[in-house]
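Take a look at the structure below.
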Amino acid sequence: MLVYGKLLNYVLPAFLMFNNLYFSSETRFVKKGSDLLLDVDTIQKGFVFTWKCNSDVVVIFPGGSEPSVKGKYQGRASFFKQNYSLVIRNMQHEDSGNYIATATGFKERIVADYRVTVQVSPVNLTINSFDAQYCNFTATCKVVDSEVSGNYRCYNQTCHPLTKPDLKDSLMTVYVQEGSVVCNHSNYVSWTNDTQPFVSLCKNKPGKI
């Protein structure tokens, strides 16, 4: 009984510490090409520590051994065993996902949870006339290296979306200003625009329609 009691003195505090940990997911937006830093609170040493992105293991750190970076993250990811933080360099669209840190002792516990979205903002604007007599045209604004785009129809220098664009946590506006069509795109990490003149598409110059 004495040995059992001593064992409980070590096992029970560790079990309670991990059993009471709770982490809500934190959202991060990262600019394409930049570095991502993920932190955790300091945990008790001697447990197997793992960072994952979705189902892919980024790094595993067994207690008493050196950390090991896995798969496509080799050469891009750095793990700091002093504080269990993770840095991934040159983030790309495919690096978006759910990053979870776990500590495994008596059972696996989540100790950090991030939902990461990689964003870009450069846009390309193209315009095509469908009624040159009245200077009416369509405008398509597309975010570079992304599926985000919007199609607009412009009548008498006023533009309206043809369909509701799927902007994925960003904002896009298209409008006419001083003989040009302007597309503005912004998200959580940056803002940019593209401008194209439309006067050449019109038989009548704007203001004389």
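The values are calculated or read from the model by the stated rules, or taken from the named source; none is laboratory data. If you're wondering where the values come from, they're calculated on a predicted model, not measured in any experiment. Note that each Cβ is placed from the backbone with ideal geometry, even for glycine, and that neighbours are counted across all protein chains shown.
Results, tabulated for the structure shown:
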item: Single unsatisfied condition, residue 71 versus (1) at pLDDT 90 or above; (2) more than 30 Å from residue 120 (Cα to Cα); (3) small (Gly, Ala, Ser); result: (2)
item: Residue within segment 115-133 that is within 30 Å of residue 60 (Cα to Cα), in contact with a Leu (Cβ under 8 Å, 6 or more places away or on another chain) and of a type in the set (A, V, I, L, M) present; result: yes
item: Selection count where residues are surrounded by 15 or more Cβ atoms within 10 Å (Cβ to Cβ) and not hydroxyl-bearing (Ser, Thr, Tyr), scope segment 180-205; result: 13
item: Identity of the residue in segment 96-149, hydroxyl-bearing (Ser, Thr, Tyr) and free of Cβ contacts under 8 Å to residues at least 40 places away in the same chain, that ends up nearest to residue 52 (Cα to Cα); result: 96
item: Cβ-Cβ under 8 Å pairs, at least 6 apart or on other chains, segment 73-85 side within 19 Å of residue 54 (Cα to Cα), far side of a type in the set (S, T, N, Q) and outside any strand (DSSP E or B); result: 76/90; 84/42
item: Residues of segment 93-129 classified as exposed (fewer than 14 other Cβ atoms within 10 Å of the Cβ), within 23 Å of the chain's Cα centre (by Cα) and farther than 23 Å from residue 24 by Cβ, total; result: 3
item: Selection from segment 66-92 of residues that are charged (D, E, K, R) and either surrounded by 20 or more Cβ atoms within 10 Å (Cβ to Cβ) or closer than 30 Å to residue 148 by Cα (or both); result: 72, 76, 89
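Yes/no matrix, rows are residues, columns are (1) under 15 Å from residue 122 (Cβ atoms); (2) aromatic (Phe, Trp, Tyr); (3) over 25 Å from the mean Cα position of the chain (by Cα); (4) part of a helix (DSSP H, G or I):
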residue: 150; (1), (2), (3), (4): yes, no, no, no
residue: 154; (1), (2), (3), (4): no, no, yes, no
residue: 159; (1), (2), (3), (4): no, no, yes, no
residue: 163; (1), (2), (3), (4): no, no, no, no
residue: 166; (1), (2), (3), (4): no, no, no, no
residue: 176; (1), (2), (3), (4): no, no, yes, no
residue: 181; (1), (2), (3), (4): no, no, yes, no
residue: 196; (1), (2), (3), (4): yes, no, yes, no
residue: 200; (1), (2), (3), (4): no, no, yes, yes
